[in-house]
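Down below is the structure, laid out as structure tokens.
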Amino acid sequence: MKLYVTRHGQTEWNALDRISGVTDIALTEEGIAQARKMAQKAAACGDIHRIIASPLQRAQMTAAIAGEALGLPVQTDARLTEWDYGSFEGKSRFTPGFAETKAEFGVSMPDGGESVFRIVQRTYNVLDDIRRNYPNENVLVVCHGGICRVIDSYFHDMTVDRFMHFFMGNCELRVYEWPDVQP
């Protein structure tokens, strides 16, 4: 059983190094081109049975392009929505305090945002559900950078430093494998 994971294609805010969590932004033309290339790579794998995506339009657009290439419908799971960065949304990634707040795992982002623990809980729950509900299928998950970071931590031990510096490019495609044992 394999889990294929990709981050959505480029958005305008990605290109400008702006923090884009729950703000619903469309893909750029470059993002659409990235999604097409990723979809071709995914189709070449020849063993993807299901696509599950975040409800945000950048992920939905990317997933739709993959779905067309794979001949599969797209399921949506709200738990794959990107991290809510609170009042950091839309600001530069280099805004003072942003990196430090991200490193405080039990502290919510200011003004209604989420903590790392909250996104880990919902993401791990999705992964456990995928593993339990689709044991004989390989699944493509289309999501966001913060969620990709958490998915990587599900499969690999991560120090805080590695967690903080994990990066997945737009439409990069990674593959993880579950052991035969069910959760």
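The percentage of C-alpha pairs in segment 1-43 whose separation is greater than 11 Å is 68%. For the chain, the longest principal axis of the C-alpha atoms and the axis of helix 145-155 are separated by about 60°. Can you work out the FRET efficiency for the pair K41 and M164, with r the C-beta to C-beta distance and R0 = 22 Å, to the nearest 0.05? For R0 = 22 Å, the calculated efficiency reads 0.20.
Rounded to the nearest 20 debye, the dipole size of segment 59-183 about its Cα centre is 120 debye, using +1 on the Cβ of Lys and Arg and -1 on the Cβ of Asp and Glu. Among T95, T6, the order of accessible area from largest down is T95, T6, computed with a 1.4 Å probe on protein heavy atoms.
Largest first, the extents of the alpha carbon coordinates of segment 100-163 on the three principal axes equal 40, 25, 17 Å.
For segment 1-118, what value does the Rg/Rh ratio take when both radii are computed over Cα atoms and Rh is the Kirkwood radius, given to two decimals?
Numbers: Rg = 15.6 Å, Rh = 15.3 Å.
With Rh from the inverse mean 1/r over Cα pairs, Rg/Rh is 1.02.
Within the same chain, lysines fewer than 8 places from K2 are excluded, and of the rest, those with a Cα less than 27 Å from its Cα are K37, K41. Near T11: Cβ cut-off under 12 Å, other residues only, Lys/Arg at +1 and Asp/Glu at -1. The net charge is -3.
Within a straight-line Cα-Cα reach of under 27 Å, K102 can be paired with the following lysines, leaving aside sequence neighbours fewer than 8 residues apart in one chain: K91. In the distance distribution for segment 15-76, Cα-Cα pairs more than 21 Å apart total 23 percent. For the residues C171, C143, C45, a GNM of the chain with alpha-carbon springs under 10 Å puts the largest fluctuation on C45.
Across the chain, the longest run free of exposed loop sites, meaning chymotrypsin sites (Phe, Trp or Tyr not before Pro) lying outside DSSP classes H, G, I, E and B with no more than 14 other Cβ atoms within 10 Å, spans 1-93.
The values are calculated or read from the model by the stated rules, or taken from the named source; none is laboratory data. This structure is a prediction, so every number in the text was calculated from the model and none was measured. With ideal geometry, Cβ positions are generated from the backbone for all residues, glycine too; neighbour counts draw on all protein chains shown. Note: accessible area is taken over every heavy atom of the protein model, side chains too, but ligands, DNA and RNA are not part of it. Shrake-Rupley method; radii C 1.70, N 1.55, O 1.52, S 1.80 Å.
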